Structure formats: C-alpha cells, structure tokens
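K.L.:
Below is one structure. I have some questions about it.
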Amino acid sequence: MNTLKMLRRTALGALVAVAAAWQLPAFAEYPDRPVKLIWPYAAGGLGANLARLITDGLQERLGQPVVMDVRPGAGGTLGMGVLKNSAPDGYTIALSTIAPLSLAPSLYKTLPYDSVKDFEPVAMTFIGPNLIVVNASSPIKTFGELVSYAKANPGKLSYGTAGNGSTFHLTAGLFSQLTKGELVNVPYKGGAPAFMGLLGNETQVVFGNTDSLPHVAAGKMRALAVMSPRRVSIAPDVPTTAELGMPELMLESWYGVVAPAGTPKPIIDRLNREITAVLQTQRVKDAMKTLNTELAPDTSVATFRKTIASEIARWKPVIETAGITAE
C-alpha cells in the first residue's frame, strides 16, 4: 500500500513539473504576434504623438508590430472600456491619462470600468505640467496678485477651460476653493480655443497645459506659476505654486500604460522593462523638448498603482464640492 502511494505521489509530481514546464515557454515567447496599444482620444495632438513614441519604441524592442488603436469618446472612458473587455494576455494595452483613470470615477455617474479593479498598471511614462497663464497685457503680474484679485472681486474673475470636467476646469475649481474666491467658468471646446479666448481677452486667466508655452515664449502670455511639486525643465524660470504658498494647488497631467486585470505578472514585468528602456532612448528624450513634456521620474508598477489610487482620493472631494460633472 505504501509503495502504491509513493508511485502515485511520484506520478503527480511529474505531472505538475510537466505542466509548469509547459507554461514557461508561453511567457518566454511573448510576444509572438502583433500587440495593440489603445489610445482613448483623437488621433491628433500631443497625446497621440506620445503614444506613437511608445508604439514605435516597443516595436523595436519586442520584435513584433505594435499598432495604435485610436478609440476616442466620452473623455477617454470609451477606449478604456474597450481595454477592460480585452483578453488579459498582453496583446492589448492602453496609454491612458490621469483623466480616465483618476478623475473620471468622480466626474461620471456611471463608468464601464473600475479604475482600480479592472486594470493592471504597467508603467507611468510621461508628465505634462500645468501652468497658470494670463494675457501679457493683463494688470495681474504675479500669482499673489491673482489670489488677491480673486478674493477681492468675487464673480469678476473669468477663466477659460477646455470644457466642463477638463483638467483646466478642475484646477480652477480647486483654486476657487483654496482662495474662497468666486470665479466664472467660460467653457470652450478644447484647450486651443481656451487659449485663443485668453489671447482675445474673452477671459482673464487659464489654468491649462503646456500648449501655453509657445504663447509665453512669443510674449503674448505671462506664466504666473506651474502646478507641479518641483520646477519643470521646460519652464525653469516659472515658480511652483508650492513655492508661492499654495502647495495644495497641484495637478500634473500624467500618462501611463495599463493592461486588463489578470494579465500575467511575467508579461507586466516584461512590458515595464521594455517601456522603461524605450523612455531612455535619445529619440524619446529629444522628442520631450519639442512636445513640452517630461519623462515620468518613476516608471515602477508599484508607484503607478499608488498614484492612480491616491489621485482618485485627492480629487473626489474637490469635484464633489465644486459640483463638477463631465460633459
């Protein structure tokens, strides 16, 4: 009887070893066919250019075609819904921004996904700083003067946004809460029109992205502050809101690659290594200079996971207090 048990155990052990050996090549051979990277916004613009840097770099390193799948709609949430329903095998990933992952949960009544449960963070990739700018002809010369004006003139300071629920809108809402100033929202259909509105003196200030920098360089706008925890290389002379006494007023428009929940860890780890290597290429570093964007200082899975969750928690009370909803 003991001999029979030993034979059974030996046979079972052999089967387990064979099964394990059979599974290993599946990870070792990844990828053995084209990989798709979802970009959940329109094909043009800064974000699409950043997505192409990732697809081109990954294609070289993985030895397989990496194609961009453009899925715009509903502030990026439509494309992320597509990712959620994709097979968790590493062949469908997405480059998301802060909006669908950390802002949308508080902006939309319903979402086709859960940002924390339905996705596996792969790597944070880029950081897009946000700046506070006024028209160069504005009598407001400093961030301190902007704060004083907002407090002394409730309902008279107008700001342009890229639409309700945009990062332009959220940062202005946070500024209003912090200063107790009543600001007037003037929504436009995108960031570029919002900046044109500022240049045309339709509004007095924009809490916007780095698309303002060419206007600042041309002497048409004045940058009062950058809403980052540190000064940024693309605008080193612009002080941070933290330096100017308002560290709570911070928003960086980060980008990061995510995969469907359940994607095997060896595949996540491989993608993280390859994306990190892509970001260190000279081609990508040179592109950052023309795209007014910075590389993420930490590409680790753990840091990205923590960032998604912490940003959800940070913006939820701001959005609820301001009564902001997405368009």
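The values are calculated or read from the model by the stated rules, or taken from the named source; none is laboratory data. This one's a predicted model, so the numbers in the text were calculated from it and none came from an experiment. In this analysis, Cβ positions are derived from the backbone assuming ideal geometry, glycine residues included, and neighbour counts consider all displayed protein chains. We work out accessible area using only protein heavy atoms, side chains counted, and drop any ligands, DNA or RNA first. Shrake-Rupley method; radii C 1.70, N 1.55, O 1.52, S 1.80 Å.
K.L.:
What do you get when you divide the Cα radius of gyration of the range 19-130 by 2.2 N^0.38 Å, with N the number of residues?
P.N.:
So the range 19-130 has a normalised radius of gyration of 1.15.
K.L.:
Please report the relative contact order for the chain, taking Cα pairs under 8 Å with a sequence separation of at least 6, and give it as a percent rounded to a whole number.
P.N.:
Reported as a whole number, the value is 25 percent.
K.L.:
Which of the aspartates and glutamates could a cross-linker span from residue 151 if the Cα-Cα distance has to be under 19 Å and same-chain partners fewer than 8 positions apart are dropped?
P.N.:
List returned: 182, 248.
K.L.:
Here's another thing I want to ask about it. Name the lysines eligible as straight-distance cross-link partners of residue 220: C-alpha to C-alpha under 25 Å, and not fewer than 8 places from it in the same chain.
P.N.:
In chain and number order, the partners are 141, 156, 189, 289.
K.L.:
Among 181, 255, 146, which residue has its Cα furthest toward the positive end of the charge dipole of the chain, with +1 on Lys/Arg Cβ and -1 on Asp/Glu Cβ?
P.N.:
Of 181, 255, 146, it is 255.
K.L.:
Please sort 309-318, 37-46 by packing, taking for each peptide the average over its residues of neighbouring beta carbons within 10 angstrom, highest first.
P.N.:
So the peptides 309-318, 37-46, ranked by packing, come out 37-46, 309-318.
K.L.:
Could I get the Rg over Rh figure for the chain? Both from C-alpha atoms, Rh via Kirkwood, rounded to two places.
P.N.:
Result: Rg/Rh = 1.09.
K.L.:
If you take the square roots of the eigenvalues of the alpha-carbon gyration tensor of the range 223-317 and sort them as a ≥ b ≥ c, do you get rounded (a/c under 1.5), prolate (a/b over b/c) or oblate?
P.N.:
oblate
K.L.:
Take 202, 294 and sort them by solvent-accessible surface of the protein heavy atoms, 1.4 Å probe, largest at the top.
P.N.:
202, 294
K.L.:
Which one, 38, 223, 233, projects farthest toward the positive side of the charge dipole computed for the chain from Cβ point charges (K/R +1, D/E -1)?
P.N.:
38
K.L.:
Just to confirm my numbers, what's the Cα centroid distance between the range 171-192 and the range 46-62 in Å?
P.N.:
Here the answer is 33 Å between Cα centres.
K.L.:
In debye, nearest 20: dipole of the chain around its Cα centre with unit charges on the Cβ of K, R (+) and D, E (-)?
P.N.:
It comes to approximately 540 debye.
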